[in-house]
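The values are calculated or read from the model by the stated rules, or taken from the named source; none is laboratory data. Only a predicted model underlies this, so the values are computations on that prediction, with no experimental measurement involved. Glycine also receives a Cβ, built like all others from the backbone with ideal geometry; neighbour counts cover every protein chain displayed.
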Amino acid sequence: MKVALRCRPLSKKELSEGDRSIFTKDGNVARLQDPDGRQNGGQPIEFGFDHVYDADSTQLQVYEDVGKPVVDAAFAGFNTTVFAYGQTGSGKSWSMTGSSGENRGLIPRINAEIFARIEASSSEKLYLVQCSYFEIYNEIVYDLLDPRPRKDKERSGGLQIKEHPVLGIHVQGLQQIVANDAAKVQELMDLGQKNRSVGSTDMNAESSRSHSVCLVTVHQKDTENESKSCYAKLNLVDLAGSERADRTGASGKRLKEGANINKSLTTLGSVINALVEQARGKKGVFIQYRNSKLTRVLQESLGGNALCTMLATLSPALLNGKETLSTLRYAARAKTIKKTVTKNEESGQIDKLNEEVARLKKMLAEKAAPSGVVQDDEALSKAQSQIQDQIREMEMLTKQTWAEKQEQSKKHESEMQRLRKATRDAAKRAESERRKRFQLLREKGDVELSVRELNLPSSWADQARRLDGLKARVGDRRAHLNVLRDALLSDLGGSYDDEDPVERARSAKAAADSAQGRLCGAASVFFFRGVAAMAYLIHASWRPESPRAGDEGGGPKKTRERHAGNNSAASSTRCARGKRRYSRAPTR
């Protein structure tokens, strides 16, 4: 197995946190500073691989070293596999898929190269390219080219992985779409990427929550010598990243996804360890392919008839040092796996299918022949039916022409378009109904049901009520301001439409200043008049009972009489009360 290593640059988050790089390279040797300082005597730990790329590597450079040999092997008739492995957020999806232009990843570049070689080939050879795309999410296989909603797929239980004596390990019911050019394949890849499960964690804003497999089958037919006709399968695998819950902050659904991802990757590690032991000559090694859907799908890629290349991606940050060291050791073990592959010839496959058909027919005849053993008629009938189904399937495969495959692909595509249109129409109808219900609830003023209709948290109902109250208060203030504006315009003797905004502002300011002056003047007058009246009352009420020597007017009594004569009865009453209140005041 070939192993390539790619290290991404430090992320913005790592740079902002003051993290530093502990990864360096020298040719095809990767060096990692000991993250703990307790291993290898504090010296850098070294690993050798077929290719090593640092943070300055380009997508084209990776394709030239990793992707192009895969295409060469596929056109030679050998099954090939490329899978990216690494910690979450280490750059697996970027290396495999990329974006656009010069940043395209391995998958779009490999697909483009396949059709470029087909166009440049001689007229003696004919080609048929079929494309499939599926994911393994929570240990369930889903067809990413199936336009049905995820809920419908979940109800069906996903697709099943089967083992065929001739076809090998395959996903039953997986759609195979015939592609005539690279644009068609890219369209299918874009459709699959939209349907793929992606989520956000503390370590990666767009973390892949599933393992995805892009399967491209290339059939070659030599018109002059059909014995040279061959085919090849390319498995382009983007694995989800290993993660720790305490680092990703995952909980609930994300935690379950992470647990299933780690389980499948742990099984993949056990399979690689068993293959390493087998490569070293150990006998009787049991390889646990069936412990995970991922290892079951990759069974032929890892230990069967397929050339396999592993692209290990890692983070250079000191914070991720332990995960990076684990990835390096994982990749070093995988490099020791030894494989033997054979060319896939169309004639050889047809011969194998015919042999399997003959074997099944013989088994069916043995089941039908009477014997001395008493058999259950129902079980016998079920077994015979299964054998007959297998015979029909394999006879169809042996006789199926390219034209029939293309016709079947067209049927799949028309069905996909019909389902997509039906899904869009259903979504539009549901959205229209939801809007109508929400509008009715708004008109009725039912806040709680409105919040429930929008699938919002229950706490939003209280917030909505507070906002409604605030809206009412703002409306009242607005009405008051309108009244004040009308009064101001009435004082100015005009309207807003009669003058220009600058003059309007000046007039409003002058009117406000005038009103403020009048208000201050009136307030001052009322204030001083009140003070004077109070001073007079206090002075009158604080007179002693006996007159002072030299006083004119006869004392308090005559004063009260004069006051009563000059003022109203109410004033007399107040003065009388003042007398009673202050009659005991000391003489001043």
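Worth pointing out:
- Among the residues of the range 148-191, those identified as within 27 Å of Pro108 (Cα to Cα), in contact with a Leu (Cβ under 7 Å, 6 or more places away or on another chain) and assigned to a loop (DSSP other than H, G, I, E, B) are Arg148, Gly173, Leu174, Gln175.
- Taken together, Thr324, Thr336 contain a single residue that is outside any helix (DSSP H, G or I), of a type outside the set (Lys, Arg) and either crowded, with 23+ Cβ neighbours inside 10 Å or out of contact with any His (no Cβ under 6 Å at 6 or more places or on another chain) (or both), which is Thr336.
- Any chance Gly67 is touching a residue at least 40 places away in the same chain (Cβ under 8 Å) and of a type in the set (Gly, Ala, Ser): yes
- Considering only residues in the range 23-67 that are hydroxyl-bearing (Ser, Thr, Tyr) and more than 18 Å from Met310 (Cβ to Cβ), the one that is surrounded by the most Cβ atoms within 10 Å (Cβ to Cβ) turns out to be Thr24.
- Residue satisfying all of: in the range 267-304; modelled with pLDDT of 90 or more and hydroxyl-bearing (Ser, Thr, Tyr); farthest from Glu163 (Cα to Cα) among these: Ser270
- Of all the residues in the range 128-168, those that are crowded, with 19+ Cβ neighbours inside 10 Å and β-branched (Val, Ile, Thr) number 3.
- Every pair of residues 6+ apart whose Cβ atoms lie under 7 Å, when the first sits in the range 262-283 and is without any contact (Cβ under 8 Å) to a residue 40 or more places away in the chain and over 19 Å from Ile136 (Cα atoms) while the second is crowded, with 16+ Cβ neighbours inside 10 Å and of a type in the set (Val, Ile, Thr): Ala274/Ile287
- For the range 110-127, the criterion of a residue being in contact with a Gly (Cβ under 9 Å, 6 or more places away or on another chain), assigned to a helix (DSSP H, G or I) and either crowded, with 16+ Cβ neighbours inside 10 Å or without any contact (Cβ under 8 Å) to a residue 40 or more places away in the chain (or both) is satisfied by at least one position.
- Residues of the range 251-271 satisfying the condition of being in contact with a strand residue (DSSP E or B) (Cβ under 9 Å, 6 or more places away or on another chain) and either aliphatic (A, V, I, L, M) or not in a helix (DSSP H, G or I) (or both): Ile261, Leu265, Leu268
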